[in-house]
1. Determine whether the stretch 145-162 contains at least one residue that is outside any loop (DSSP other than H, G, I, E, B), touching a strand residue (DSSP E or B) at 6+ places or on another chain (Cβ under 9 Å) and surrounded by fewer than 19 Cβ atoms within 10 Å (Cβ to Cβ).
2. Select from the stretch 314-343 the residues that are more than 16 Å from residue 285 (Cα to Cα) and surrounded by fewer than 21 Cβ atoms within 10 Å (Cβ to Cβ) and list them in ascending order.
3. Go through the stretch 293-310 and give me each residue that's in a strand (DSSP E or B) and under 26 Å from the mean Cα position of the chain (by Cα).
4. For residue 180, indicate whether it is modelled with pLDDT of 95 or more, in a helix (DSSP H, G or I) and more than 23 Å from the chain's Cα centre (by Cα).
5. Condition (residue is modelled with pLDDT under 95, outside any strand (DSSP E or B) and loosely packed, with under 15 Cβ neighbours inside 10 Å) applied to the stretch 67-76: is it met by at least one residue?
6. Taking residue 316, is it without any contact (Cβ under 8 Å) to a residue 12 or more places away in the chain and part of a strand (DSSP E or B)?
7. Given 221, 285, which one is modelled with pLDDT of 95 or more, in a loop (DSSP other than H, G, I, E, B) and surrounded by 15 or more Cβ atoms within 10 Å (Cβ to Cβ)?
8. Kindly indicate which of 261, 256, 233 is part of a loop (DSSP other than H, G, I, E, B), within 21 Å of the chain's Cα centre (by Cα) and under 22 Å from residue 341 (Cα atoms).
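The values are calculated or read from the model by the stated rules, or taken from the named source; none is laboratory data. Just so it is clear, the structure is predicted and the values come from calculations on it, not from any experiment. Counting neighbours? That spans all protein chains shown, and the Cβs are built from the backbone with ideal geometry, glycine included.
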């Protein structure tokens with residue numbers, strides 16, 4: 001026997017179905033309507049993500065799952081957008097009239113080397129942090145240019161030696177010289193010139209962005225996680241550059257697995273924090289060093305002895321830099337990269353022949 005649904009009832013069912021299928025679908029159900037209606041079979045979870053069978057599609061899952069990436073200079077894992085922040089290099093003074101410095105402890109990586117008359121100077125590389133005040137900023141030397149170009153990084157400085165400035169132009173280096181770009185720089189701090197030039201990383205990065213220096217591309221550093229020694233063999237590292245005013249020391253703090261920096265016998269304090277500077281890794285490099293006129297001269301392209309201190313221990317190996325556009329590398333006896341602990345690193349570039357005690 002055949003029966004027929006009244007037309008009026010069928011019409012109401014159809015209208016109800018058309019008005020409410022989206023609500024039902026959003027609730028995660030499968031809507032199947034017949035008798036003059038339609039069939040809708042997409043399956044959704046409550047967040048609106050389409051599922052394939054019982055699994056969320058791989059592409060959608062990757063979008064929903066938070067990911068982290070290591071920064072280029074520290075290896076610390078952060079959000080992807082933070083890992084892609086630009087790198088900025090700054091020349092910072094270390095003569096007695098420039099002490100204590102500001103913003104140096106915020107650097108991800110520091111290179112310390114002699115410039116003239118036994119005075120050391122710092123090349124500070126910033127990526128993770130953007131301190132609002134850094135300085136005093138001083139002039140550039142050729143070997144600092146070699147190191148900073150190896151990291152494909154812009155360099156902020158106040159002029160430089162004649163050779164350094166010639167090389168900046170010849171190589172087309174990413175230059176943020178105060179002589180040409182005075183905007184981000186200012187004098188202050190209650191000190192006499194030339195020990196009173198400052199800037200901020202944020203303003204320098206705005207300048208490098210305008211100049212098109214948005215990324216730094218260089219060979220990845222090999223990273224390791226903390227593994228402090230139960231009985232640290234190296235608790236104190238003393239680096240002699242010249243006289244006692246520039247003698248650097250790093251003391252190991254086992255409870256934090258870091259090294260606290262001392263200079264001329266006292267803690268090296270940063271005025272931005274009021275605290276001594278600390279780092280995760282200390283790398284001492286023996287560098288052939290000579291003198292031309294009043295300036296120090298270094299053979300940065302080549303190789304030599306290196307000592308990598310981390311976790312209260314030391315690994316002896318060698319440093320190597322193939323060209324000014326290749327970053328300096330740390331290699332073990334097998335020629336493999338020596339890993340650094342995730343965190344900041346201090347490179348002490350010591351003139352060959354000067355004593356290193358640890």
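1. Looking through the stretch 145-162, none of the residues is outside any loop (DSSP other than H, G, I, E, B), touching a strand residue (DSSP E or B) at 6+ places or on another chain (Cβ under 9 Å) and surrounded by fewer than 19 Cβ atoms within 10 Å (Cβ to Cβ).
2. Result: 323, 324, 325, 326, 334, 335, 336, 342, 343.
3. Selection gives 298, 302, 303, 304, 305, 306, 307, 308, 309, 310.
4. So residue 180 does not fit the description; no.
5. yes
6. It is true that residue 316 is without any contact (Cβ under 8 Å) to a residue 12 or more places away in the chain and part of a strand (DSSP E or B).
7. 221
8. Step by step, each of 261, 256, 233 is checked, and only 256 is part of a loop (DSSP other than H, G, I, E, B), within 21 Å of the chain's Cα centre (by Cα) and under 22 Å from residue 341 (Cα atoms).
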